[in-house]
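The values are calculated or read from the model by the stated rules, or taken from the named source; none is laboratory data. Bear in mind that the values here come from a model prediction, so they are computed numbers and not experimental data. Glycine also receives a Cβ, built like all others from the backbone with ideal geometry; neighbour counts cover every protein chain displayed. These accessible areas exclude ligands, DNA and RNA; they are computed on the full protein's heavy atoms, side chains included. Shrake-Rupley method; radii C 1.70, N 1.55, O 1.52, S 1.80 Å.
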Amino acid sequence: MQETYLALAGNPNSGKTSTFNQLTGSLQSVGNWPGVTVERKSGALRKNKSVIIQDLPGIYSLSPYTPEEIVARDYLLNEQPHVIMNIIDGSNLERNLYLTTQLLEIGVPVVVGVNMMDVVKKSGKRINLEKLAYGLQTDVVGMSALKKQGLDELIRHSLHAAEKFPPETAYPTYDPRLEAALGEIMDILGNTVPQKQARWFAVKLFEQDPVVNQQVDLSKIQQKEIAEIIAITEQIFNDTSEAILINERYEFIARLVALCATNDKEWSLSASDKIDQIVTHRFFALPIFALIMWGIYYLSIQTIGTMGSDWLNDVLFGSIVPEWTQQTLISWHVAEWMQQLILNGILSGVGAVLGFLPQIVVLFFCLSLLEDCGYMARIAFVMDRLFRKFGLSGKSFIPMLIATGCGVPGVMASRTIENEKDRRLTVMVTTFMPCSAKLPIIALIAGAFFPNSSWVAPSAYFLGITAIVLSGIALKKTRLFSSDPAPFIMELPAYHLPQLKNVGHQTFDRGWSFVKKAGTIIFVSSILIWFASSFDFLLRPAEANESILARLGQVIAPIFAPLGWGHWQGTVATLTGLVAKENVIGTLGVLYGQIPEVSENGVEIWGQMHMHFTAAAAYSFLAFNLLCAPCFAAIGAIHREMANKKWTWLAIGYQCGLAYGVSFLLYQFGHVIFEGGELSIGTIFAVILLLVMIFAICRRPKAQENHQPFVQMVKGSEH
Ligand code: GDP
């Protein structure tokens with residue numbers, strides 16, 4: 001029978017002995033730790049003899065100054081129990097959590113038992129255990145050893161944590177300047193210490209822990225480099241390294257306690273807490289979020305925003321502006337080709353893009369409302385919980401949120417993620433979110449092909465999030481990205497009524513930058529596209545089908561045939577989207593705008609798309625443009641954040657590859673299921689691809705290291 005080892009750790013008087021006695025009953029063996037007169041007690045769990053509980057001496061910290069501390073830390077490091085059960089006194093959180101921050105660094109999963117909950121309750125205090133768990137990034141159980149409450153749950157969580165492979169551990173992160181120093185020490189250590197204990201050794205070496213300094217076999221160069229890092233950091237903080245860490249630990253704890261403890265004598269929940277209980281609820285949070293996003297898309301793309309857009313497209317850019325412009329141009333005797341350029345090139349292109357302004361304004365107005373009232377912070381909190389399940393950092397959600405406005409600041413926002421692998425991963429996937437420039441593509445496809453479905457537009461949003469989450473899960477399992485997510489604590493501000501000034505300001509900013517782009521990049525692109533679609537390579541006026549653009553597009557188009565849109569129009573629109581995503585619509589506007597009988601009506605331009613796209617192909621086109629490499633500006637931002645050509649190319653390659661794969665699946669399955677398409681070799685490939693993707697998501701992660709005893713591991717290698 002395989003045994004599970006659980007270690008009980010905690011401050012003196014936290015209730016460890018009471019817990020131990022309750023759990024083991026009379027099944028205890030008592031002796032001494034080798035070499036010291038510290039009592040050693042262990043015992044089998046009363047209800048399951050294969051679970052062995054090791055009681056550790058009561059300690060306040062893991063420094064090496066008392067025999068108790070040395071015994072406890074040697075046991076945890078060398079014998080590596082499956083899980084540490086950290087008993088803390090809930091009526092004395094601050095002091096007890098100090099040890100917790102250190103236990104979390106050891107590299108063994110920790111389950112925190114908040115004991116004395118009966119005392120806490122009586123005193124009128126309240127500890128939000130869920131928030132405490134969130135802050136510590138570990139399981140937390142409320143209990144009372146005296147009243148025999150919560151003990152079963154403590155064991156259940158501990159056994160659950162023990163079963164996980166690889167073991168899930170997370171440690172608190174501190175000031176970025178300290179984190180940078182610890183990160184560098186971890187790099188210097190390399191393979192000298194086991195990977196999962198790297199954080200522990202980095203912290204201890206930074207603190208200049210005398211025992212660890214002797215234990216780890218460092219080369220001269222390693223010692224010198226670490227000493228330099230310590231010296232620099234001490235200078236920056238103007239404090240000794242040990243004091244820096246103590247301060248940081250207490251600051252972390254203070255944030256944590258502020259997050260989860262309230263002193264609320266009346267025992268009533270504040271309004272904010274009441275709302276939070278629902279919107280951050282374990283099961284309801286995501287459906288509520290989905291519903292809210294559906295509502296927002298419904299308002300912006302289906303109803304209010306669309307009324308404005310229809311008017312702009314049909315009336316303003318459909319008849320008023322072109323008619324007026326045409327009359328003016330004729331009265332000025334402007335050359336025929338110039339008239340064509342202005343009407344079919346510039347007005348069709350810029351007009352097609354500007355037509356979406358009302359939808360964008362409504363969308364951003366709603367998103368700003370959510371942001372300003374405090375809901376978005378909750379969503380980051382909920383997402384963090386979800387992401388963490390998959391080994392992603394919740395901090396990745398902030399860049400994603402920003403990327404719904406524009407990918408460039410979204411990518412830049414990933415800087416707040418300390419863990420380099422997580423940061424790269426986030427940079428790579430953030431632009432899957434639909435930014436304001438992709439919104440017109442969504443609105444176009446939803447309006448032209450799925451006028452009766454209110455779910456198609458928000459589905460693009462969920463497609464983006466799903467692509468991010470599933471990419472994260474799959475990529476995290478590769479060696480390039482595997483690492484533990486760093487916890488982050490986010491203050492949840494109380495809800496408040498949104499301030500119209502803030503909301504107005506944000507909406508205006510985003511809307512204005514959209515208009516500016518239409519007036520610059522889209523303007524120039526429209527001229528070029530008109531030119532390239534009106535002339536052939538010998539610069540003679542040509543039918544659209546024989547134009548420069550058509551010829552170029554036709555070379556590349558076959559690549560997209562398996563996605564359902566292997567024609568030059570779709571290809572060219574996608575390629576011009578690399579300059580700016582608005583161009584996708586601008587290009588289609590110019591191309592279809594040239595068909596004379598439909599040029600006066602924007603909606604009919606959309607109707608023309610039916611000639612080239614089936615509904616499944618249109619959705620596949622939408623998915624491809626949503627997920628593929630972003631515009632040049634965002635690619636530039638990715639390059640800046642990656643600071644490395646190879647990584648930039650990897651990101652672009654991954655984005656395009658994923659976009660291709662997903663669109664392929666959507667088209668192949670959509671075509672067969674909804675459009676009565678025949679099964680073909682494409683369907684077979686789609687099934688294989690789907691299986692490959694499922695495998696990439698579900699496979700077991702590569703084990704990062706062996707479960708080896710400590711002694712072997714500190715032998716060390718020359719750096
Ligand atoms: P240890 O020093 O961590 O082993 O703590 P003990 O188990 O000896 O507990 C210290 C004191 O706290 C004892 O008087 C226990 O009876 C008491 N105690 C332990 N758990 C609880 C609890 O959940 N509620 C209350 N009210 N007292 C407790």
Highest average packing first - 373-382, 53-62, Cβ atoms within 10 Å: 53-62, 373-382
Low-density loop GluC sites (Glu not before Pro), the range 1-89, at most 14 other Cβ within 10 Å, DSSP non-H/G/I/E/B, are Glu3
Please report, in debye to the nearest 20, how large the charge dipole of the chain is about its Cα centre when each Lys and Arg carries +1 at its beta carbon and each Asp and Glu carries -1 there. 1320 debye
Could you state the principal axis extents of the C-alpha atoms in the range 155-264, from the largest down, to the nearest angstrom? 50, 36, 22
Simple Cβ-charge dipole of the range 4-163, Lys/Arg +1 and Asp/Glu -1, about Cα centre, in debye nearest 20: 600 debye
Computed on Cα atoms only, the convex hull of the chain has an orientation-averaged projected area in nm² of 37.2 nm²
Quick one: angle between helix 220-237 and the longest Cα principal axis of the chain, in degrees between 0 and 90, rounded to 10, please. 80 degrees
At 1.002 mPa s and 20 °C, plugging the Kirkwood radius over alpha-carbon pairs of the range 4-163 into Stokes-Einstein gives what diffusion coefficient in µm²/s? 138 µm²/s
Which percent, nearest 5, of DSSP beta bridges in the chain are antiparallel? 45 percent
Quote the Stokes-Einstein diffusion coefficient, in whole µm² s⁻¹, for the range 275-429, based on the Kirkwood radius over alpha carbon pairs, a temperature of 4 °C and a viscosity of 1.567 mPa s. 70 µm²/s
Rounded Å value of the spacing that divides the Cα centres of the range 172-250 and the range 113-162: 32 Å
Taking only C-alpha pairs under 8 Å that are 6+ residues apart, what is the relative contact order of the chain in percent? 13 percent
Based only on Cα atoms, what Rg/Rh ratio does the range 212-291 have, Rh being taken as Kirkwood's radius? 1.30
Bin all alpha-carbon pair distances of the range 367-428 at 5 Å intervals from 0 and give each bin's fraction as a whole percent. 4, 20, 26, 27, 16, 6, 1
In Å, the Kirkwood hydrodynamic radius of the range 197-256 over pairs of distinct alpha carbons? 12.3 Å
Length-normalised contact order of the range 4-163, Cα under 8 Å, at least 6 apart, in percent, tallies to 24 percent
If one takes the longest principal axis of the Cα atoms in the chain, at what angle in degrees, from 0 to 90 and to the nearest 10, does the Cα axis of helix 93-103 lie? 80 degrees
For the range 176-263, with only Lys/Arg (+1) and Asp/Glu (-1) charged at the beta-carbon, what is the dipole magnitude about the Cα centre, in debye rounded to 20? 260 debye
Could you sort the peptides 560-566, 523-529 by per-residue average Cβ neighbour count (10 Å cutoff), highest mean leading? 560-566, 523-529
Kirkwood Rh, Cα Rg: Rg to Rh for the range 85-191? 1.04
Total charge of the residues flanking Glu3 in space, meaning their Cβ is under 14 Å from its Cβ, with Lys and Arg +1 and Asp and Glu -1, is -1
Give, in whole angstrom and from largest to smallest, the semi-axes √(5λ) of the equivalent ellipsoid of the range 503-650, with λ running over the eigenvalues of the Cα gyration tensor. 27, 20, 17
For a quick protection proxy, order the peptides 214-226, 449-461 by their average other-Cβ count within 10 Å, most packed first. 449-461, 214-226
Judged on accessible area alone, 1.4 Å probe, highest first, Trp332, Trp200 line up as Trp332, Trp200
Please determine, in degrees from 0 to 90 and to the nearest 10, the orientation of helix 602-612 with respect to the longest principal axis defined by the Cα atoms of the chain, where the helix direction is its Cα long axis. 80 degrees
